[in-house]
Amino acid sequence: MAKDFYDHAAIELKWNKRWQEEKLYEVDPKEAEDKFYCLDMFPYPSGEGLHVGHWRGYVLSDFYARYWRLMGKTVLHPMGFDAFGLPAENAAIKNMTHPREFTEKAIPTFTNQLKQVGAAYDWSKVINTSTPDYYKWTQWLFLQLYKHGYAEKREGLVNWCPNDQTVLANEQVVDGKCERCGTVVTKKSLSQWYLKTTALADELLDGLEEVNWPEHVKTLQRNWIGRSDGAEIVFGSTAGEIKVFTTRPDTIFGVTAIVLAPENPLVAKLTNDKNRQAIEGYLSEVRAKTNIDRQQQKETAKTAVFTEEYATHPLTNDKLPIWIADYVLMDYGTGAAMSVPAHDERDFQFARTHNLPIIQVIAPKLVQSTEPAKYRPDEPTANGQSVIVFVKHPTEDKYLGLDWKEGSWGAKTLLTGTIDDLSPEETVVKEIREETGYKNAKISQKLGVIDGLFYHLPKKTNKLVRGHVFLVELENEEQDIVDSAEQARHDLVWLTKEDLAKFLTPETHQFILRWLDAGFTPYTEAGTLVNSGIFDSLESDEASAKIVTLLENDNKGKKATTYRLRDWLVSRQRYWGAPIPIVYDPDGKLHEVKDEHLPLLLPDDVDFLPGGESPLARSNEYQERAEKLYGQGWHFETDTLDTFVDSSWYFLRYLSPGDTSVVFDPELVKKWLPVDLYIGGIEHATLHLLYARFIARFLAKNGYTDASTAEPFKQLFNIGMITLHGAKMSKSKGNVVSPDPLIEHYGTDALRGYELFVGPMDIEAEWNVNGINGIHRFLIKAFQFKEKVVDSPAEQAETAAFNHYLREVNKMIAGFRLNTVISEAMKLINSWGSKAVSETIFKEFLITLSPIFPYLTEELWEAMGEKQSIFHAKWPTSGAEAASMKELSVRVNHKHIGIQQVEGNESQDEVMELVQTSDFKEKVPVLDKTRIIYKPGLFIDFVSDTA
């Protein structure tokens, strides 16, 4: 029988020993049926150890590992260590030791701290990426990538961290700085190894539709991959063809310059005696900037140099000045851009700075949505052209407005007039005289062209009008007498710009107010073509297609797709990583290291000091080993692999960590993948997660694994950060909360409970140093309640209360609302008060608490006379059909709005009927205007036509 007081330390000691002796959490993947693969993003074993912020994710994953075990699944919940990397190497340099010593000392400490969490890890499957028996297979994987053409060495301009003295992938540069040490990143030309992530870009994009991930993570990956469909257009020059990628071929007639990236090879060909000094001076300035600096519009628009050379427009043969500007990047598109200042923000800034022409070729099209001129789709539409005129007062900073009478129109407009037989300019003069009587008006500027679709009340028809917008200045206030009928139709009012914005009712007139200050502001959306020759009046999409066809017929362009995603740079000039398994012959030709020579071990005779080259290059033993194995003059590649390569496949190795003959068992991979639940931080959205997906797709595509495992992680949950004083916990900030004193005083269960109770699991939460007290009191109350348990049938009210609790808890677990699960448990036990509780109900209650409080519930379970662990029990189902149902994510326009309980075999129509009766049915758009995406067992997505 249990003690009469809650002795958490004794309870934890007892059950840790029992679980270990019984090997309760060990799983044989080969024998498992009805699997559930629960996985944490494995940690780097730092010397600092765990704080309570780290605990949150581990407790969350452990909850679901235990929950799904109780639901009858065979749960694999392994743990390992991502042990290669710069921190260990830097610590070794500082302490004059070997990184291996640092790592071997840190891992046992980290392991003990992880065991304090009380998590149900299968420690028989632990892996360590820095051990030869692991990195042998990392090297093998690299060689498979190489054999299939996914790995290559090439010269490139790379991100270089001067502090760490190593290359960084694009993803490891944050705001122009090294993500590890914060040093400003520079550029360096080096021969480096790349993995061709771009070869699978489309598959990586499409695969996001198959997974149950937070929508914002999928959006981050989509944006990082950055697929852009458009055209490659060829402009002629004395240096040869200049190929430009654009997503907007409809704007080709608005090109006023060609702009090259400083790294574009054509720059050298365009450099001559007359421009050499200017170009070389500019290139020297650019080398000191990062790509992030270069993409900052306001700062970079002014930095450019004119080559004094010209390109030829492929459709008009116009001569276009060729500039070099650092806002154009070599690693996007072709490293050349066509500058269309009227329809691109950066091009507009560039043109304004360098006095380049700005030619509008796309007219905005606005549909009037408010009365009195609201467009009426059921009425006929007449086309026409008009002028829209800003008339400026001769002595005040005011503009003319026309306040139309209700009987006439009721609108409030600028001066307008229909263009008939006159030119737009002649129409302006005519309308000013007729509408206002002003005699001395001077056209100072044509601002642009805009299309408006509206209902013309006086003429009782819709009108699609091309409006030519002018700015006119009155030289004085001299007026002729205006016809009385004209005067009766409207009043003339003079208004400031601010008042004009409140006054005007046509949406076209509101839109062009922005042109008043700047003369014209870039319009970047689709519209109707103007000033584009035979393509005038076509909509952007139609015009783009026809322009590309014309270019293709003339061999001056073609359809093209480009990506923001760059190939994965995996070379590192540091020691503590897996050596790249390539060897060079005396002629410098590269060869694969033979399989029988794997693992290619790290040498020990190195000093680890960074010096711009890998420390491996300074190892005599490494060189001697290459010559011993391959011959005189041969040498190994001296770079090591990016540590993200190690973590890109570790989830496969957990299935057979001790197998020395193969990297993984394909049948086990097919059986266990995808990982059912993967938990980690949002910071890995465009790094680890993208790389792991790339490797999984490569393996499936090339037959190493089954096609069903191409997406490695079925469901992803991003854990919210724990903060203290509003900041992320770190030793440097002095705001770290150690779990050790909390465990000693309150116990592991109390800390686990507070980690879940502190707030919604996917949202950042502030640590309350006193918050654990309430959880501890609840545990004491639950422990003492065993004295009120009776061996008698449950009363009807007691059963109803528990069933209500169970239904609520099941929904909360499905929605990851574990803080409210604890609240429900507190409410239930408080409702019992001093009354006796049926043993049956109390046991089922313990089962529902066990994923949160494994130690206490094991102790009370045994006190109720049970001989086996509570984790051999089954989750309660009485009165809660949802417990045996599956959770289907319901989405609207790709955003999760709720969980629908399903059996799992419903058709799309059946699921739609269920959703229409759910408590979130009001969020679902009108079905006849909706596209349905249904993935059985995963999600149903209602995508509206306007999304």
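The values are calculated or read from the model by the stated rules, or taken from the named source; none is laboratory data. It should be emphasised that the depicted structure is a prediction, and the values quoted were computed from it without experimental measurement. Positions of Cβ are generated from backbone atoms using ideal geometry, with glycine treated the same way; all protein chains shown enter the neighbour counts. What goes into the accessible areas is simple: the full protein's heavy atoms, side chains included, and nothing from ligands, DNA or RNA. Shrake-Rupley method; radii C 1.70, N 1.55, O 1.52, S 1.80 Å.
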> Residue farthest toward the positive end of the dipole of the range 304-348, with Cβ of Lys/Arg at +1 and Asp/Glu at -1: which of TYR327, HIS313, ALA337?
Replying inline: HIS313
>> Spelling out what I want: for every residue of the range 468-478, take phi, set θ = phi - 60°, compute 6.51 cos²θ - 1.76 cosθ + 1.60 (Karplus), and round to whole Hz; glycine and proline get x.
In response: 9, 9, 10, 10, 10, 10, 7, 7, 7, 9, 5
> Can you list the lysines whose alpha carbon sits under 22 Å from that of LYS17, skipping same-chain ones fewer than 8 residues off?
Replying inline: LYS3, LYS115, LYS125, LYS867
> Using a 1.4 Å probe on the protein chains only, how many percent of the accessible area of the range 758-872 belongs to carbon and sulfur?
Replying inline: 49 percent
> In whole percent, what relative contact order does the chain give with Cα contacts below 8 Å and a gap of six or more residues?
Replying inline: 14 percent
>> Which chymotrypsin sites (Phe, Trp or Tyr not before Pro) in the range 1-91 sit in a loop by DSSP (not H, G, I, E or B) and have at most 16 other Cβ atoms within 10 Å of their own Cβ?
In response: PHE5
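Please give the charge dipole size of the chain, origin at the Cα centre, charges +1 on K and R Cβ atoms and -1 on D and E Cβ atoms. Round to the nearest 20 debye. Kindly include the intermediate steps, with their values, before the conclusion.
Values: 105 positive and 138 negative charges, 177 e Å.
The calculation lands at about 840 debye.
Run the accessible area of the range 365-521 with a 1.4 Å probe and give the carbon-and-sulfur part as a rounded percent.
The value for the range 365-521 is 47 percent carbon and sulfur by accessible area.
Over 22 Å between Cα atoms, which of LYS671/LYS843; LYS374/LYS502; LYS788/LYS843; LYS23/LYS781 qualify? Spell out each step's value before the answer.
Numbers: LYS671/LYS843 34 Å; LYS374/LYS502 18 Å; LYS788/LYS843 13 Å; LYS23/LYS781 30 Å.
Among LYS671/LYS843; LYS374/LYS502; LYS788/LYS843; LYS23/LYS781, the Cα-Cα distance tops 22 Å for LYS671/LYS843; LYS23/LYS781.
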>> Residue by residue through the range 357-366, what is 3J(HN,Hα) from phi via Karplus (6.51 cos²θ - 1.76 cosθ + 1.60, θ = phi - 60°)? Round to whole Hz and write x for glycine and proline.
In response: x, 10, 10, 6, 10, 10, 8, x, 10, 10
> Check ARG574: other-chain or 5+ apart residues with amide H under 5 Å from its amide H, H built from backbone geometry?
Replying inline: THR640
>> I need the phi-derived Karplus couplings for the range 205-214: 6.51 cos²θ - 1.76 cosθ + 1.60, θ = phi - 60°, integer Hz, Gly and Pro marked x.
In response: 5, 5, x, 5, 6, 8, 10, 9, 10, x
> Local charge sum around VAL449 (other residues, Cβ-Cβ under 12 Å, Lys/Arg +1, Asp/Glu -1)?
Replying inline: +1
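How do 275-285, 776-786 rank on mean C-beta neighbours within 10 Å, highest first?
Taking the mean over residues of other Cβ atoms within 10 Å, the ranking is 776-786, 275-285.
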> If the cut-off is a Cα-Cα distance under 20 Å, which lysines reach LYS269, setting aside same-chain residues fewer than 8 apart in sequence?
Replying inline: LYS243, LYS319
> For PHE81, which sequence-distant residues (separation of 5 or more, or a different chain) have an amide H within less than 5 Å of its own amide H, given hydrogens modelled in the peptide plane?
Replying inline: ILE127, ASN128, THR129
> How much accessible surface does HIS468 have with a 1.4 Å probe, in Å² rounded to 10?
Replying inline: 20 Å²
> If you roll a 1.4 Å probe over the heavy atoms of the protein chains, what accessible area per residue do you get for the range 659-735, in Å²?
Replying inline: 37 Å²
> Which far-off residues, 5 or more places away or on another chain, put their amide H under 5 Å from the one on ALA765, with H placed in the peptide plane?
Replying inline: MET721, ILE722, THR723
>> For a test of the definition: using alpha carbon positions, the gyration tensor, and the 1.5 limit on a/c, classify the range 588-690 as rounded, prolate or oblate.
In response: oblate
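Counting Lys and Arg as +1 and Asp and Glu as -1, what is the net charge of the other residues whose Cβ lies under 15 Å from the Cβ of SER484?
-4
Carbon and sulfur atoms: what percent of the 1.4 Å accessible area of the range 886-944 do they account for? Intermediate values should be presented prior to the final figure.
Numbers: 1560 of 3290 Å².
Of the solvent-accessible surface of the range 886-944, carbon and sulfur hold 47 percent.
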> Using a simple spin-label model with points 7 Å from Cα along the Cα→Cβ vector, what separation in nm is obtained for LEU609 and TYR934?
Replying inline: 6.9 nm
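Less than 14 Å Cβ to Cβ from PRO380, Lys/Arg counted +1 and Asp/Glu -1: what total charge do the surrounding residues give? Could the numbers behind the result be given before it?
Numbers: positive: ARG376, LYS459, LYS460, LYS463; negative: ASP378, GLU379.
Within the 14 Å Cβ shell, the charges total +2.
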>> From Cα pairs below 8 angstrom and at least 6 apart in sequence, can you work out the relative contact order of the range 758-872, rounded to a whole percent?
In response: 29 percent
> So, by mean Cβ neighbours within 10 angstrom, what's the order for 694-704, 517-527 with the highest one leading?
Replying inline: 694-704, 517-527
> If you take the charge dipole of the range 365-521 about its Cα centre, with +1 on Lys and Arg Cβ and -1 on Asp and Glu Cβ, which of PHE503, THR427, PRO394 is farthest toward its positive end?
Replying inline: PHE503
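Per the helix-only calculation at 222 nm, which mean residue ellipticity applies to the chain, given -39500 (n - 2.57) for every DSSP H run of n ≥ 4 and division by its residues, nearest 500 deg cm²/dmol?
Numbers: 30 runs with 317 residues, N = 947.
So the calculated ellipticity at 222 nm is -10000 deg cm²/dmol.
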> D for the range 758-872, whole µm²/s, Stokes-Einstein with Kirkwood Rh over alpha-carbon pairs at 4 °C and 1.567 mPa s: what number?
Replying inline: 86 µm²/s
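Using the heavy atoms of the protein chains alone and a 1.4 angstrom probe, what is the accessible area of the range 758-872 per residue in square angstrom? Mind dumping the intermediate values first?
Values: 4800 Å² over 115 residues.
About 42 Å² of surface per residue is accessible.
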>> Given a Förster distance of 45 Å, report the FRET efficiency between LEU24 and GLU152 from their Cβ-Cβ distance, rounded to the nearest 0.05.
In response: 0.40
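What value in Å³ per residue do you get for the convex hull of the alpha-carbon atoms in the range 1-120? Kindly include the intermediate steps, with their values, before the conclusion.
Numbers: hull volume 17.8 nm³, N = 120.
Measuring per residue, one finds 148 Å³ for the Cα hull of the range 1-120.
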> Which of the aspartates and glutamates could be linked to LYS546 by a straight reach, that is with a Cα gap under 17 Å, when you skip same-chain ones fewer than 8 residues away?
Replying inline: ASP229, GLU232, ASP250, ASP536, ASP554
>> Computed from the coordinates I sent, log10 I(q)/I(0) by the Debye sum over Cα atoms at q = 0.05, 0.06 Å⁻¹ equals one of (i) -0.39, -0.52; (ii) -0.63, -0.77; (iii) -0.43, -0.61. Tell me the label.
In response: (iii)
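Where Rh is the Kirkwood radius over the Cα pairs of the range 659-741, the temperature 25 °C and the viscosity 0.890 mPa s, what D in µm²/s does Stokes-Einstein return?
On the way: Rh = 15.5 Å.
So the translational diffusion coefficient is about 158 µm²/s.
For each pair in LYS177/LYS935; LYS430/LYS497; LYS714/LYS921; LYS187/LYS594; LYS365/LYS430, compute the distance between the two Cα atoms and list the pairs where it is over 30 Å. Write down the numbers at each step before the final one.
Values: LYS177/LYS935 41 Å; LYS430/LYS497 24 Å; LYS714/LYS921 26 Å; LYS187/LYS594 34 Å; LYS365/LYS430 26 Å.
Over 30 Å apart, Cα to Cα: LYS177/LYS935; LYS187/LYS594.
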>> How high is the relative contact order of the range 138-192? Use alpha-carbon pairs under 8 Å, at least six apart in sequence, and give a whole percent.
In response: 37 percent
>> If packing is taken as the average number of other Cβ atoms within 10 Å across a peptide's residues, how do 813-820, 418-425 rank, most packed first?
In response: 813-820, 418-425
>> Between helix 132-147 and the chain, what is the angle of the helix's C-alpha long axis to the longest principal axis, kept within 0 to 90° and rounded to the nearest 10?
In response: 30 degrees
